[in-house]
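The values are calculated or read from the model by the stated rules, or taken from the named source; none is laboratory data. As the structure is a computational prediction, the values presented were derived from the model and not from experiment. Reconstructed Cβ throughout: ideal geometry from the backbone, glycine too, with neighbour counts over all protein chains shown.
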Amino acid sequence: MSQSKLQPQIQAHRQLLLFSTILLLFCSFIGVIITVHPLYLEQFVKQPALVGLIATLSSLAGLAFSLPVGALSDRIGRKRMLIGAFSLISVVLLAFFINTRLYALIWLQIAFGALMVPVWIVGEAFIKDISPSKKRGEFRSFFGTFANAGMLIGSLIGGFLAWGFGIRQPYVFAAILLLVPLILVFGLKEDEHSRSTNKNQAVKDFLSVLKEFLQQRELKLLALCTVSLYFWYAVKWVFGPLFLQNQGFSPAVIGIWLAFSVLPFLLFQIPIGILSDKIGKSKIIYLGFFISTISLLPLGFESSISSLLATIFIVSIGTAFAEPLIEARVTDIVPKERYGAYSGIFEFTKTLGLMLGPVGSSFFVYSFGISCSFMPAVVVFILTLALLVRLRYPETINA
């Protein structure tokens, strides 16, 4: 193969490595925060059910911004949005560190949720921009592995920081070190062809993409799968620490448990992504939901740390199969010039799941106790798996 043909591939892999490194660092520092955040919120509202409702405020803010931000990133560029979001998130984390009032906490939750949206949307859109058509599963899985490695590292650091220095120290730690990925963002090279030059194009893209989305049944099914996954993620990160604390475990053990929930993403995402490019993504998505649905049933009724670690690990194997391939399958289907807009659509479904998870579980916790906090996620997974089995779609490999 000639050097001229190899150069775009080399450039794509370099950008993939750089951007994945940026997300690894970012997710490490965010992982530090969300590991202890439910315990931090409990200092203000005391009851676990109310913690879930307060946590939902971030997702509500995300819902409000996710749809327009996706189309907007196609117009103003991925890089600018990341620079602005990273800078402001650092400020918000410092505010969490010094805040002592419930009223201010509400506004900080809203700001945090709104600022996280551009990061996730730009992340998915940028990977779509640089992914070769025959390696979409591999590229998305590589990126996802780095991001989840960050969450694993962050969970361990956050748990031990809270255990050794108190609940508030992780916030200032993350706020300062977030400057490192911010600096690295300046090294990214955007695909100028993915950016619109028409000032009104963002609005037009949003409306046309929304219309297309509503007309395609497979995209709507993939969106439902995304809602289900993020419903579970929200329950795990909000009520998992509260459940373990109620069982008498320390923040350090909570961090280890959350790290175990991320470990399968590191072990399986890349090989599964490569395999999916050969045999098809849909089959592996079905398998992933089956594994998670079956293994999630006993969680909440276990008390030994060994069984809790084993169960969360197996549940996460299923989600590690499904999540990156949903995004890769969306990339197969949608046109390149609308990657940002579609990333906004799917970010909306993610934040919808993140909102519904704590709300649904809060009612169960209020009515039946903390051990039942995972049951709504079980029901959602069962319903999603039933629809996946019923509505099968033929898939063209390397579409």
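Just give me the residues in the range 312-329 being within 26 Å of ASN246 (Cβ to Cβ) and surrounded by 22 or more Cβ atoms within 10 Å (Cβ to Cβ), in sequence order.
Scanning the range 312-329 gives ILE312, VAL315, SER316, GLY318, THR319.
Are there any pairs with C-beta distances below 7 angstrom linking a residue in the range 74-101 that is under 14 Å from LEU23 (Cα atoms) to a residue that is part of a helix (DSSP H, G or I) and among the aromatic types (Phe, Trp, Tyr), with the two at least 6 apart or on different chains, and if so which?
Cβ pairs passing all conditions: ARG78/PHE126.
So, LEU299, is that one touching a helix residue (DSSP H, G or I) at 6+ places or on another chain (Cβ under 6 Å), closer than 23 Å to SER362 by Cα and not in a helix (DSSP H, G or I) or not?
On the way: touching a helix residue (DSSP H, G or I) at 6+ places or on another chain (Cβ under 6 Å): yes; closer than 23 Å to SER362 by Cα: yes; not in a helix (DSSP H, G or I): yes.
Criteria met by LEU299.
What residue, of ILE272, ILE284, ILE326, ILE254, is in a helix (DSSP H, G or I) and in contact with a Gly (Cβ under 7 Å, 6 or more places away or on another chain)? Walk me through how you get there before you give the answer.
Working: ILE272 fails: in contact with a Gly (Cβ under 7 Å, 6 or more places away or on another chain); ILE284 fails: in contact with a Gly (Cβ under 7 Å, 6 or more places away or on another chain); ILE326 fails: in contact with a Gly (Cβ under 7 Å, 6 or more places away or on another chain).
Being in a helix (DSSP H, G or I) and in contact with a Gly (Cβ under 7 Å, 6 or more places away or on another chain) holds for just one of ILE272, ILE284, ILE326, ILE254, which is ILE254.
Could you say whether any residue in the range 125-146 is of a type in the set (Gly, Ala, Ser) and at pLDDT 90 or above?
Checked against the condition, which is being of a type in the set (Gly, Ala, Ser) and at pLDDT 90 or above, the range 125-146 yields no hits at all.
Suppose we keep only residues that are among the hydroxyl-bearing types (Ser, Thr, Tyr) and either out of contact with any Pro (no Cβ under 6 Å at 6 or more places or on another chain) or surrounded by fewer than 20 Cβ atoms within 10 Å (Cβ to Cβ) (or both) within the range 350-378. Which one would you say is farthest from ASN246 (Cα to Cα)?
Checking each candidate, the answer is THR351.
Does any residue of the range 32-42 turn out to be more than 24 Å from PHE364 (Cα to Cα) and part of a helix (DSSP H, G or I)? Full working, then the answer.
Residues of the range 32-42 that are more than 24 Å from PHE364 (Cα to Cα), as a first pass: 32-33.
When the remaining residues are screened for being part of a helix (DSSP H, G or I), the result is 32-33.
Scanning the range 32-42 turns up at least one residue that is more than 24 Å from PHE364 (Cα to Cα) and part of a helix (DSSP H, G or I).
Hand me the list of helices (runs of 4 or more DSSP H) wholly inside the range 43-144 holding 2 or more residues that are in contact with a Ser or Thr (Cβ under 8 Å, 6 or more places away or on another chain) and of a type in the set (Gly, Ala, Ser).
Counting at least 2 such residues, we get 48-76, 102-130.
Hey, among LEU63, LEU88, LEU108, which residue is touching a Phe, Trp or Tyr at 6+ places or on another chain (Cβ under 9 Å), over 29 Å from ARG329 (Cα atoms), surrounded by fewer than 22 Cβ atoms within 10 Å (Cβ to Cβ) and of a type in the set (A, V, I, L, M, F, W, C)?
Just one listed residue meets the conditions, LEU108.
Kindly provide the set of residues from the range 35-62 that are farther than 22 Å from LEU161 by Cβ, over 20 Å from the mean Cα position of the chain (by Cα) and at pLDDT 85 or above, ordered by number.
Correct list: VAL45, LEU50.
Tell me, which residue of the range 214-232 that is touching a Leu at 6+ places or on another chain (Cβ under 7 Å) and aliphatic (A, V, I, L, M) is surrounded by the fewest Cβ atoms within 10 Å (Cβ to Cβ)?
Ranking the candidates gives LEU224 first.
Quick one: count up the residues across the range 147-160 that are more than 18 Å from the chain's Cα centre (by Cα), of a type outside the set (Gly, Ala, Ser) and surrounded by 24 or more Cβ atoms within 10 Å (Cβ to Cβ).
0
Every residue in the range 107-146 that is among the hydroxyl-bearing types (Ser, Thr, Tyr) and over 16 Å from the mean Cα position of the chain (by Cα), please.
The answer is SER131, SER133.
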